[in-house]
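J.: Got a structure for you, written out below as structure tokens; questions coming shortly.
The values are calculated or read from the model by the stated rules, or taken from the named source; none is laboratory data. Keep in mind that what you see is a predicted model, and the values were worked out from it rather than measured. Positions of Cβ are backbone-derived with ideal geometry, glycine not excepted, and every protein chain shown enters the neighbour counts.
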Amino acid sequence: MNLNHVMMDIESLDTEAGAIILSIAAVQFDEFTGETGDVFYRKISLKDSIKLGFTISADTLKWWLDKDRIVMKEALSGTKSLLEALTEFSDFYNKIKLQYDEVYIWGNSARFDCGIVGEAYKKMGLPLPWDTWLEVCFRTFVRNFKELRKSIPFLGNKHYPVDDCHHQILVVSKINEIINPVKAS
């Protein structure tokens, strides 16, 4: 087991850098077996992010209004300041880095999750905990396996970021069983 990968998923109120981040989730995992390790999840205060000047897009807000009310209520219930959440995420990620030379960070897509979180670190004056060359794009990784991805049932609630991370990890490990069966066994 080699838990040197972190699947990150965020919920936000915009799709561009500078977006209000409602929550950050991350799950440590082995890309071949799908085994998971530590889990991180923080819900961030909407008020705090608005005060800091992060953005909301009308299209993303409309998208959220079309979602299940329970999912939307969960997404908007954050109380942590963005500074606290980012600092705690750095602690989570750096703990994993102590165990492995390289820790890959995945996003769906890397430009979205890693890009928006990276911009938040920059705006808050904090160092990015991961090396940008270790970013992995889930969307690119799965692009040639659309039918397989569709065939894997989603367990949990979509747009609950921890469940999104677990689902994406399952998809990655199933694809790795196909493209690299020796490592996956």
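J.: For region 27-36, indicate whether the set of residues that are part of a loop (DSSP other than H, G, I, E, B), over 17 Å from ASP163 (Cβ atoms), out of contact with any Phe, Trp or Tyr (no Cβ under 7 Å at 6 or more places or on another chain) and aromatic (Phe, Trp, Tyr) is non-empty.
T.: Yes, region 27-36 contains a residue that is part of a loop (DSSP other than H, G, I, E, B), over 17 Å from ASP163 (Cβ atoms), out of contact with any Phe, Trp or Tyr (no Cβ under 7 Å at 6 or more places or on another chain) and aromatic (Phe, Trp, Tyr).
J.: Would region 64-71 turn up any residue that is aromatic (Phe, Trp, Tyr) and farther than 19 Å from HIS167 by Cβ?
T.: yes
J.: What about TYR160, is it under 17 Å from the mean Cα position of the chain (by Cα), hydroxyl-bearing (Ser, Thr, Tyr), modelled with pLDDT under 95 and more than 16 Å from THR33 (Cβ to Cβ)?
T.: yes
J.: Starting from residues that are among the aliphatic types (A, V, I, L, M) and assigned to a strand (DSSP E or B), keep the ones in region 1-14 and report whichever is surrounded by the fewest Cβ atoms within 10 Å (Cβ to Cβ).
T.: ILE10
J.: Only residues that are in contact with a strand residue (DSSP E or B) (Cβ under 8 Å, 6 or more places away or on another chain), of a type in the set (Gly, Ala, Ser) and outside any loop (DSSP other than H, G, I, E, B): list them for region 97-150, please.
T.: GLY107, ALA110, GLY115, ALA120
J.: Still on this structure: If the Cβ limit is 7 Å and pairs must be 6+ apart or interchain, which residue in region 30-55 that is surrounded by fewer than 20 Cβ atoms within 10 Å (Cβ to Cβ) pairs with which residue that is of a type in the set (Phe, Trp, Tyr)?
T.: Here the result reads GLU35/PHE29; THR36/PHE29; GLY37/PHE29; ASP38/PHE92, each pair linking region 30-55 to a residue that is of a type in the set (Phe, Trp, Tyr).
J.: Here is a list: GLU74, GLU84. Which entry is over 25 Å from ILE179 (Cα atoms), of a type in the set (Asp, Glu) and at pLDDT 95 or above?
T.: Residue meeting the stated conditions: GLU84.
J.: Give the residues of region 80-108 that are surrounded by fewer than 16 Cβ atoms within 10 Å (Cβ to Cβ), touching a helix residue (DSSP H, G or I) at 6+ places or on another chain (Cβ under 9 Å) and of a type outside the set (Asp, Glu), sorted by residue number.
T.: Within region 80-108, just LEU83 meets the criteria.
J.: Also, quick follow-up: Go through (1) at pLDDT 95 or above; (2) assigned to a loop (DSSP other than H, G, I, E, B) one by one and return the number of the condition ALA17 breaks.
T.: Result: ALA17 fails condition (1) only.
J.: Could you grab me the full set of residues in region 132-151 that are in contact (Cβ under 8 Å) with a residue 40 or more places away in the chain and either surrounded by fewer than 14 Cβ atoms within 10 Å (Cβ to Cβ) or not aromatic (Phe, Trp, Tyr) (or both)?
T.: Hit for region 132-151 is VAL136, nothing else.
J.: Here is a follow-up. Taking region 57-77 as the region of interest, how many residues are hydrophobic (A, V, I, L, M, F, W, C) and surrounded by 16 or more Cβ atoms within 10 Å (Cβ to Cβ)?
T.: Total meeting the criteria: 3.
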